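These notes concern the structure reproduced below.
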Amino acid sequence: MWNYPIPYELLKSSEYIVLANKDHLLDSDYIPQDLVKLTVRKISSDPIQMRQAASDALTTLFDAAKEDGIYLYAHSGYRSYRTQNTMYYNRLKKNNGKDDGVVAYPGSSDHQTGLGIDVINKSGIGKKFTSAFANTKEGKWIAEHCWDYGFIIRYQKDKEDLTQIIYEPWHLRYVGVEVSRYIHQMNYCLEEFTDEWQRVVYEYEH
Ligand SMILES: [Zn+2]
C-alpha cells in the first residue's frame, strides 16, 4: 500500500527532485537537455538559462508577484560544470588554496541542475548577496509564496547543518508544485525530503 502524500510514479520519474550537494555530485558532463532563455525581468541583458518547466514556473511566479506590487529580478540560473569549476578554482587561488565555502565545489552546485535561480530586488543589483534580503518586501513575498509555484528556498536558515550551505533567501529551486508544497508543509530542506522519499520507495519495493 502506498500511503505517502506524493505519488510513487512522480517520485520515480521526476527529473525535478534531483539533489546536488557535496555528497551527491553531478557528473561533469551533466547538462540538462531542455534549457531555455528566461523571459522574466533580469538584472542585465545577459541571457539566463533554466530548464523549460522551471522557466515557465518562474514566469508565473514573477507575474503573481507583480500583481502584488512586487518587482523581482533574475540574477543567475543555469551554470555549467565548467563554469563552476573555473569559479571554484579562482576562489581557491584568491583564498590561498583554502575552500571558504563561498563557491560550491564543482558538481555540487544547485545551479548545474538548471532548476536553481537567484532572485533579488532592484536595490540588490550590483551588491553582494546577504541574508538581509529576507527582510525586504520582495524577500518576504518569495518566502511566503514561492511554494505555490513549484519552488522551494533551497538553503534555509535552520538547515545549514544539513545543506552545508549558508542561508540564501534569494536562491530558489524548482521541484514541481506537489513537492514544493509538501516540503513547505513539513519544513524540510531538499536533503531531508530526499532521505525520506528514498526510504519510503525502498520500503515499498522490498
Ligand atoms: Zn544561487
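Points worth noting:
- Entry remark, the range 14-48: residues being polar (S, T, N, Q) and under 18 Å from residue 175 (Cβ atoms) number 2 in total.
- Count - residues of the range 89-111 that are at pLDDT below 95, closer than 17 Å to residue 171 by Cα and not in a loop (DSSP other than H, G, I, E, B): 0
- Sole residue being modelled with pLDDT of 95 or more and either open to solvent by 20 Å² or more (accessible area, probe 1.4 Å) or farther than 25 Å from residue 46 by Cβ (or both), chosen from 197, 170: 197
- Of all residues making up the range 112-164, the number that are open to solvent by 20 Å² or more (accessible area, probe 1.4 Å), of a type in the set (Ser, Thr, Tyr) and in a helix (DSSP H, G or I): 3
- The range 134-161 - residue that is out of contact with any helix residue (DSSP H, G or I) (no Cβ under 7 Å at 6 or more places or on another chain) and within 14 Å of the ligand (Cβ to nearest atom) and, of those, farthest from residue 21 (Cα to Cα): 142
- Enumeration of residues in the range 165-206 that are outside any helix (DSSP H, G or I) and either away from the ligand (no atom under 13 Å from the Cβ) or touching a His at 6+ places or on another chain (Cβ under 9 Å) (or both): 165, 170, 171, 175, 176, 187, 188, 189, 206
- Annotation: of all residues in the range 57-111 being charged (D, E, K, R) and surrounded by 15 or more Cβ atoms within 10 Å (Cβ to Cβ), the one that is nearest to residue 39 (Cα to Cα) is 79.
- With respect to the conditions (1) open to solvent by less than 50 Å² (accessible area, probe 1.4 Å); (2) at pLDDT 95 or above, residue 37 falls short on a single one, namely (1).
- Number of residues in the range 1-34 that are open to solvent by 80 Å² or more (accessible area, probe 1.4 Å), over 21 Å from residue 81 (Cα atoms) and in contact (Cβ under 8 Å) with a residue 40 or more places away in the chain: the value is 2.
The values are calculated or read from the model by the stated rules, or taken from the named source; none is laboratory data. If you're wondering where the values come from, they're calculated on a predicted model, not measured in any experiment. Neighbour counts run over all protein chains shown; Cβ positions are idealised from the backbone, glycine included. What goes into the accessible areas is simple: the full protein's heavy atoms, side chains included, and nothing from ligands, DNA or RNA. Shrake-Rupley method; radii C 1.70, N 1.55, O 1.52, S 1.80 Å.
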